[in-house]
Amino acid sequence: MPGDSYDAEAAAEYRQAREVPREGLESWRQAIAVEAGFAAGMTVLDVGAGTGGFAAAFRDWFAVNVLAVEPAAAMRALIPAGEGIQALDGRAEALPVPDACADAAWLGSVMHHIGDLEAAARELRRALRPGAPVLIRNTFPGRSERDLRVRFFPETADSVAGYPTVEQVEAAFATAGFRRTALRCLPQESAPTLAAYADRIRRDTDTKLRALSDDAYARGLARIREAAAADPEERAVSWMDLLVLRRAGQ
């Protein structure tokens, strides 16, 4: 759930730089199909939807209806709302949806933006139908070594170290009756080559990169260019975790 300080230009740059191309998400499509069991007509709650990349993917992949919740107006304006997608102003701790309205919840790269994880867990329990899964796509401390940014900008590991751990997320959601049912590390292709990846990076759209000094950022870009020159065909593949939680006993 990116901060609500984005203007229209920054939101557009975020979409260009941060949304993973659809063709690079095949492993995620397959894993989500297995873990969520989506069927046409189901309702998915996308919390911290950003510019709607996954909301659109879910609609196209599974023919579900998506409630895309995003606090930043400029980001929300870029969500492809219309048939199958409704864009809503809100946060994880205060979801603008009725009770028991959704068959699953998706939180993509937002756990470290949520101020009160237990409040978010309570809200998700309220909004979800019994047995509905919470699918969390995030980078977690101690599990980020295959993240492209950590690989080429090693200083970003300091930022990741401050994110909630898997155990902290599980503990917070346990207060609302959720338990882990799966934890999978999955690849995603951010660009067809490392050179293309270097070209699409936008520092201001990434909280990890914004935290770096100018010198550290320049060194990281140089590392990507050097790796691209050494292997021009290497694809820009990064890995993130999919953590799946369900209410205990359901």
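The values are calculated or read from the model by the stated rules, or taken from the named source; none is laboratory data. Worth saying up front: this structure is predicted, and the values here are computed from it rather than measured. Cβ coordinates were reconstructed from backbone atoms using ideal geometry, including for glycine residues, and neighbour counts include every protein chain displayed. Please note that ligands, DNA and RNA were not included when accessible areas were found on the heavy atoms of the full protein model with its side chains. Shrake-Rupley method; radii C 1.70, N 1.55, O 1.52, S 1.80 Å.
Computed quantities for the displayed model
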{"item": "Solvent-accessible heavy-atom area per residue, rounded to whole Å², over the chain at 1.4 Å", "result": "42"}
{"item": "Within the accessible area of segment 78-129 (1.4 Å probe), percent carbon and sulfur", "result": "45"}
{"item": "Simple Cβ-charge dipole of the chain, Lys/Arg +1 and Asp/Glu -1, about Cα centre, in debye nearest 20", "result": "600"}
{"item": "Prolate/oblate/rounded call for segment 14-91, Cα gyration tensor, a/c under 1.5 rounded", "result": "oblate"}
{"item": "Inter-label distance, nm, simple model (7 Å from Cα along the C-beta direction), Arg184/Ala33", "result": "1.1"}
{"item": "Length-normalised contact order of the chain in % [C-alpha pairs under 8 Å, at least 6 apart]", "result": "22"}
{"item": "C-alpha center-to-center spacing [segment 26-78, segment 138-186] in angstrom", "result": "21"}
{"item": "Simple label model, 7 Å out from Cα along Cβ direction - Glu26 to Glu233, nm", "result": "1.7"}
{"item": "Percent of beta bridges antiparallel (DSSP, the chain, rounded to nearest 5)", "result": "50"}
